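Comments concern the structure below.
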Amino acid sequence: MDFLTLMQTRYTTKYYDKSKHIPEEIWKKILECIHLSPSSVNMQGWHFISLESDAQKAVLRPAIADFNLQRFDGADKVVVFCYRDNAEHAWAEKVSKKMTADGRQDHDMEQKMADGMNGFLDMHKNTDGPDNWQSKQTYIALGTALYAAASYGVDSTACEGLDMEKAAQLLGVDKKGFKVSFCCFFGYRSKEDSNTLDKRPKSRLPFDEVIERRL
């Protein structure tokens, strides 16, 4: 599908059909798209948890805000987006070594790249704080996830309505050095979904008000 058409037709699902399940081959493609998401200086300071059964979803459920429980319960899959808490220089060195192993850079560039990544990390420590900068990267991956899913005919709902600290504790990622940014629900819309475009058309501010073209 043309990407503009995808943008015009995708919407946030409010009610899911719990009886419909995402085929495994489609779900693996969506997860691989998330895995391939870009990040600033290729830092990849994130971690994604795919909750794929009712039992696994139940672990996270106590952290979900009441007003989101209906769609959380109806969704087939849930992905929790996490980011590194106070990323250290060792992380950049690990990423740089992987870049060398993958043939992205020569070995003699490995330390130089790690130093550059660490300089970027230090710069953001002094301005935004490391948590905020790392968390921002997960929103790039969220955009990938929403439109990758739509391209395969899968509906989705981005969800910040949860207790992030409680979610990290319930999933045990706090002990691994991660914090939770948000989660996202995936599945297939119910026939009674109240947010379909025929009922609630897409609404955006005028193009010329938002996009300033300087020719």
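Below, the figures for the structure above:
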item	result
Yes/no for Gln134 being loosely packed, with under 15 Cβ neighbours inside 10 Å and either among the hydroxyl-bearing types (Ser, Thr, Tyr) or in contact (Cβ under 8 Å) with a residue 12 or more places away in the chain (or both)	no
Some residue of segment 198-208 being more than 21 Å from Asp2 (Cβ to Cβ) and open to solvent by less than 20 Å² (accessible area, probe 1.4 Å)	no
Odd one out for Gln137 among (1) farther than 30 Å from Asp54 by Cα; (2) touching a Gly at 6+ places or on another chain (Cβ under 8 Å)	(1)
When residues of segment 173-215 are limited to those that are over 28 Å from Ile26 (Cβ atoms) and small (Gly, Ala, Ser), the one modelled with the highest pLDDT	Ser203
Of all residues making up segment 176-215, the number that are closer than 23 Å to Leu162 by Cα and among the hydrophobic types (A, V, I, L, M, F, W, C)	7
Of residues in segment 182-196 being outside any loop (DSSP other than H, G, I, E, B) and open to solvent by less than 10 Å² (accessible area, probe 1.4 Å), the one farthest from Asp54 (Cα to Cα)	Phe182
Residue check, Ala158 part of a helix (DSSP H, G or I) and touching a Phe, Trp or Tyr at 6+ places or on another chain (Cβ under 9 Å)	no
Residue check for Asp85: at pLDDT below 95, in contact with a Lys or Arg (Cβ under 6 Å, 6 or more places away or on another chain), among the acidic types (Asp, Glu) and over 25 Å from Asp17 (Cβ atoms)	yes
Pair list, Cβ < 9 Å and 6+ apart or interchain, from segment 168-181 residues that are surrounded by fewer than 19 Cβ atoms within 10 Å (Cβ to Cβ) to residues that are of a type in the set (Gly, Ala, Ser) and not in a helix (DSSP H, G or I)	Gly177/Ala87
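The values are calculated or read from the model by the stated rules, or taken from the named source; none is laboratory data. None of the values given here were measured: they were computed from a predicted structure. For neighbour counting, all protein chains shown are included, and Cβ atoms are generated from backbone atoms with ideal geometry for every residue, glycine included. Only protein heavy atoms, including side chains, enter the accessible area calculation; ligands, DNA and RNA are left aside. Shrake-Rupley method; radii C 1.70, N 1.55, O 1.52, S 1.80 Å.
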